[in-house]
Amino acid sequence: MADRKTIWIPRRLSDATLARARRDYEVILAEEDRPATHEEIVAMSARADGMIPCHSERFSAEVAARLDPRLKIVANHSVGVDHCDLPALRARGIVVTNTPDVLSDATAELAMMLMLGAARRAVEGDRLVRSGAWDFWSPAFMVGKQLTGSRLGIVGMGRVGRAFARKARGFDMEIHYFNRSRLGPEEEQGAIFHADLDSLLAVSDFLSLHCPATPETFRLMNAERIALMPKGAILVNTARGSLVDEAALRAAIESGRLAGAGLDVFETEPGGNPAFAAHEAIFMSPHVGSATVRTRDAMGFRALDNLDAFFAGRAPRDAL
C-alpha cells in the first residue's frame, strides 16, 4: 500500500517482532546480523521513515548531522541510549524512543545468576567436574561466600535495581542502596538508603551496579572506591562496562581485596577483557541480560508501539 511507512531494522530481532513489523510496515531488513556502520545508517535514512536500531548502532553528532530529512523517528530496541547523541538528533527534528520496563526482570535474573556464580565459585567448580579433575573432597574444599544474611549494596534503584532487590529479598539479604533521590516507603520496601556512595560501599558484602552510563559514572568503581568495600566482597555489573575500571578490578581480584566478580558488560564489546579469562573468580556472560524469548518479544513490540503511536500522530510512550 502506498501509504505504508517504511522502517529499517539493522539487526535480527525476534520472529514475533519481525512478523508484526512486516504486517504493518514496509520493512527493510539488513542482510547480515551485525552492527551497522555510520555510512549504512546515513544511507538508510534516505530510504526509511523510521528505524529500530539496537545499542550497537551509533548515532553520533556527526551521523545525526548527515541524516536525510526523510527519517523522522529512531525507535531504539534498548533501554540505554548512550549510543545516541540526543541533542543532535533533536536538533534534526528526529524523535528518539527506548524500551523501558520490559527487560527489568530478565536483567535482574541474570544479575542474580552472576552474583551466585561468583559467590559459590561456579567457574572453578564447573571446570573441575567438566575436565575430570574432581578427585578430592574436604570440608575446606570449594568454600564460597553465602548470600543469606549478607548485606547487598545496589547502585541505582531504577526499574532493574528494584527488580534485583525484590529477588535478593528472597535470599534474606539486607538491602542497602545509593540513588539520586530516596525512594518512597512503598518502593523502598525496607531497604536502607545511603545519600553517599562511599557510605554504601563500606557496608556492601555484595555490590550490584544498575545505574546508567554517563560522564559522571565513567569508571565509577575505580581503585579508590573498590578499596572502600569490605575485604572479600563481590562486585556485580549488568549495567554498562564503562562503570568499572577493569584494571583496578583485576588488581583487586589478584590481591584478594575482592573475592570475586560477576560481569555481563565490559569496556570493550563484543570481546570483553581477555585478561579476565585467567581468573576463575570472575564469572562472566556476553552482555545477555535481556536475552530471553519473552523479553526480546516485549522489547520489539515496545519499539513497534512507539512507531505506531508516532505515525498515528500521537506522542510515543517512550519518547526521550
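Entry note: region 104-284 has Rg to Rh equal to 0.97, where both radii use alpha-carbon atoms and Rh is the Kirkwood radius. At q = 0.15, 0.17 Å⁻¹, what base-10 log of I(q)/I(0) does the Debye formula yield for region 268-320 when every alpha carbon is treated as an equal point scatterer in vacuo? At q = 0.15, 0.17 Å⁻¹ the computed log10 ratios are -0.63, -0.70.
Give the shape of the chain as rounded, prolate or oblate, defined through the alpha-carbon gyration tensor: a ≥ b ≥ c are the square roots of its eigenvalues, a/c under 1.5 means rounded, and otherwise the shape is prolate if a/b is larger than b/c and oblate if not. Please report the intermediate quantities before stating the final value.
Working: a/c = 2.14, a/b = 1.83, b/c = 1.17.
In terms of gyration-tensor shape, prolate.
Note on the chain: dipole from Cβ charges, positive end direction compared against 255, 319, 229; the farthest Cα belongs to 319. Between region 261-282 and region 1-79, how many Å separate their Cα centres? The distance from the Cα centre of region 261-282 to that of region 1-79 comes to 31 Å.
Per residue Cα convex hull volume for region 184-243, in cubic angstrom?
Values: hull volume 6.2 nm³, N = 60.
It comes to 103 Å³ per residue, whole-number rounded.
Taking each DSSP H run with n ≥ 4 as -39500 (n - 2.57) and averaging over every residue of the chain yields -10000 deg cm²/dmol at 222 nm. In region 62-205, taking the dipole from charged Cβ atoms about the Cα centre, the farthest positive-side position among 155, 176, 89 is held by 89. Expressed in units of 2.2 N^0.38 Å, where N is the residue count, the Cα radius of gyration of region 202-320 is 1.32. Placing +1 on the Cβ of every Lys and Arg and -1 on the Cβ of every Asp and Glu, with nothing else charged, gives the chain a dipole about its Cα centre of roughly 420 debye.
Quick note: the coordinates plus some simple rules give every number you see, no bench work behind them. These numbers come from a predicted model, not from an experiment. Here the Cβ is made from the backbone with ideal geometry for all residues, glycine too, and neighbour counts use every protein chain on show.
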